[in-house]
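Notes follow the structure.
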Amino acid sequence: MLDQLTIQQIEQGSLQEALTLVADLFPGEVAFSSSLGQEDQVLTDVIFKNDINIRIFTIDTGRLFNETYELLDRTVARYKKPIAVFFPPAAETETWVAANGINGFYESVDLRKGCCHVRKVLPLNRALQGAKVWVTGLRADQSDNRKDMPVIEWMPEKQLYKFNPLIRWTYEEMITYINDNNVPYNRLHDKGFVSIGCAPCTRAIEPGEEPRAGRWWWEASHKECGLHVTAR
């Protein structure tokens, strides 16, 4: 387990320093789950440009926007380094669709969460096998559910550390980094899409709406898919 002094060093370091320190503490056991969002592209840029020993993967739910696939191609071409792609288990996906319909997630929050579980959580669990640290691109101002998340925390249910190096970054800091470093990003961001997930479950947001308002817009919920849950 990490001691408090080491946790403070991680929290107080620059983005590059923090990522490097964690990678050095857990060599070959750090995995970054990228959804190819703007935050994730910042982390990918830092990791790849500085040859930090962190494995990067993404999850293809089977329902993504074509622009997201194009971004994946552009990112791999830009850095000339691999991003592993994990898919939902075929049998569980077929069973869920047979029972609930191809778009059954519109019918209730429970059905939507069930779809997310099959298409996101199950492949995530497989992708994290062997990892001691799970790196995410979460930021505190993305939603109320994330505002109190720490930089790094032990997750007993997964038996690993969850590391959120951008949790205290503002939206403006993120955009400045992307512009200053010419980081590739999803073209849908230029059309009002802030948080981008599966195509049937994502819309552009209106001025004044909170960042995740475009996710599962038809329901009143905490706008989470089950990947990033809290004890609150």
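Here are the numbers for this structure:
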{"quantity": "Filter result for K49 (within 19 Å of I178 (Cα to Cα), in contact (Cβ under 8 Å) with a residue 24 or more places away in the chain and of a type in the set (K, R))", "calculated": "yes"}
{"quantity": "The range 171-197, residues that are part of a helix (DSSP H, G or I) and not acidic (D, E)", "calculated": "Y171, M174, I175, T176, Y177, I178, N179, N181, R187, L188, H189, K191"}
{"quantity": "Failed item, numbered, when C115 is tested on (1) assigned to a helix (DSSP H, G or I); (2) loosely packed, with under 13 Cβ neighbours inside 10 Å", "calculated": "(2)"}
{"quantity": "In the range 198-212, residue modelled with the highest pLDDT [restricted to those that are part of a helix (DSSP H, G or I) and either under 23 Å from F32 (Cα atoms) or charged (D, E, K, R) (or both)]", "calculated": "A199"}
{"quantity": "When residues of the range 53-77 are limited to those that are among the hydrophobic types (A, V, I, L, M, F, W, C) and within 21 Å of Q129 (Cβ to Cβ), the one surrounded by the fewest Cβ atoms within 10 Å (Cβ to Cβ)", "calculated": "F57"}
{"quantity": "Residue within the range 101-117 that is more than 25 Å from V151 (Cα to Cα) and in contact with a Leu (Cβ under 6 Å, 6 or more places away or on another chain) present", "calculated": "yes"}
{"quantity": "Any hit, the range 22-43, residues being within 24 Å of T170 (Cα to Cα), part of a helix (DSSP H, G or I) and touching a Lys or Arg at 6+ places or on another chain (Cβ under 9 Å)", "calculated": "yes"}
{"quantity": "All positions within the range 99-112 that are surrounded by 12 or more Cβ atoms within 10 Å (Cβ to Cβ), assigned to a helix (DSSP H, G or I) and over 21 Å from the mean Cα position of the chain (by Cα)", "calculated": "N100, G104, Y106, L111"}
{"quantity": "Among (1) in a loop (DSSP other than H, G, I, E, B); (2) at pLDDT 95 or above; (3) over 16 Å from the mean Cα position of the chain (by Cα); (4) not β-branched (V, I, T) - the single one G137 does not satisfy", "calculated": "(3)"}
{"quantity": "Hey, D148 in a loop (DSSP other than H, G, I, E, B) and modelled with pLDDT under 95 or not", "calculated": "yes"}
{"quantity": "Residue list for the range 64-98, filter: assigned to a helix (DSSP H, G or I), touching a Ser or Thr at 6+ places or on another chain (Cβ under 8 Å) and in contact (Cβ under 8 Å) with a residue 60 or more places away in the chain", "calculated": "T75"}
{"quantity": "Residue identified as modelled with pLDDT of 90 or more, within 30 Å of Q129 (Cα to Cα) and among the basic types (K, R) among R232, R215, R187", "calculated": "R215"}
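The values are calculated or read from the model by the stated rules, or taken from the named source; none is laboratory data. Because the structure is predicted, anything quoted here is derived from the model rather than measured. Here Cβ is always computed from backbone atoms with ideal geometry, including for glycine, and neighbour counts include all displayed protein chains.
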